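The values are calculated or read from the model by the stated rules, or taken from the named source; none is laboratory data. Computed from a predicted structure; not experimentally measured. FYI the Cβ positions are ideal-geometry reconstructions off the backbone, even for glycines, and counts take in every protein chain you see. Heads up: the accessible areas ignore ligands, DNA and RNA and are worked out on the full protein's heavy atoms, side chains in. Shrake-Rupley method; radii C 1.70, N 1.55, O 1.52, S 1.80 Å.
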Amino acid sequence: MERTATINSLAERLLQRGWQIACAESCTGGGIAAALTDVAGSSAWFDRGFVTYSNQAKQEMLGVAAETLAAFGAVSRETVIEMAAGALQRSHAQLTVAVSGIAGPGGGTPQKPVGTVWLAWATADEVVAVDHLFPGDRAQVRAATIDAALQGLLDRVT
């Protein structure tokens, strides 16, 4: 589904439920929030975005534990789960998305190559996390991450 169509479907379902969403972003640098707020009327269902690029910001703004970051790293299932849960606790949203990844061109390792991205979605009832290895350059990895985040949001309200 094309990005605008995904967002329009998401908006319709959020309005039907009376829900708002919040984003906790690292590697996308606010790109998810920007895509969502490109749609007129998004103030009815978009609460806020947290751009937490540094580990310190993840801790201060979202409550990610220093121990989690030390043990698993910023790009990990454990970290995005804490990011998504923290965004839920620190907003008025009923649904959140969190992303952390290695967009490149540097920063990759054999264990976490460039294109590795973890995403998590949280509601009051559950937190779901998935990882992807997106191909391409920095812009392509970020765009693919935004699209996956939006589709995941839509999947949770469908």
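Determine whether the stretch 139-155 contains at least one residue that is surrounded by fewer than 21 Cβ atoms within 10 Å (Cβ to Cβ) and basic (Lys, Arg). So far as the stretch 139-155 goes, no, none of its residues is surrounded by fewer than 21 Cβ atoms within 10 Å (Cβ to Cβ) and basic (Lys, Arg). Scanning the stretch 97-134 for residues that are farther than 28 Å from ALA44 by Cβ, open to solvent by 60 Å² or more (accessible area, probe 1.4 Å) and hydrophobic (A, V, I, L, M, F, W, C) gives a single hit, LEU133. If only residues of the stretch 26-48 that are hydrophobic (A, V, I, L, M, F, W, C) and under 20 Å from SER100 (Cβ atoms) are counted, the one that is most open to solvent (accessible area, probe 1.4 Å) is ALA34.
Within the stretch 108-120, is there a residue that is within 15 Å of ILE32 (Cβ to Cβ) and in a loop (DSSP other than H, G, I, E, B)? No, the conditions are met nowhere in the stretch 108-120. For GLN140, indicate whether it is out of contact with any strand residue (DSSP E or B) (no Cβ under 8 Å at 6 or more places or on another chain), over 16 Å from THR52 (Cβ atoms) and free of Cβ contacts under 8 Å to residues at least 40 places away in the same chain. Yes: the conditions hold for GLN140. In the stretch 58-73, is there at least one residue being open to solvent by 60 Å² or more (accessible area, probe 1.4 Å), among the basic types (Lys, Arg), under 23 Å from ILE21 (Cα atoms) and outside any loop (DSSP other than H, G, I, E, B)? Taking every residue of the stretch 58-73 in turn, none turns out to be open to solvent by 60 Å² or more (accessible area, probe 1.4 Å), among the basic types (Lys, Arg), under 23 Å from ILE21 (Cα atoms) and outside any loop (DSSP other than H, G, I, E, B). Scanning for something closer than 19 Å to ALA143 by Cα, among the hydroxyl-bearing types (Ser, Thr, Tyr) and modelled with pLDDT of 95 or more, does the stretch 93-102 turn up at least one residue? Yes, the stretch 93-102 contains a residue that is closer than 19 Å to ALA143 by Cα, among the hydroxyl-bearing types (Ser, Thr, Tyr) and modelled with pLDDT of 95 or more.
Being of a type in the set (A, V, I, L, M, F, W, C) and in contact with a helix residue (DSSP H, G or I) (Cβ under 9 Å, 6 or more places away or on another chain) is the filter; apply it to the stretch 82-96 and report the residue that is surrounded by the fewest Cβ atoms within 10 Å (Cβ to Cβ). Applying the filter and picking the extreme gives ALA85.
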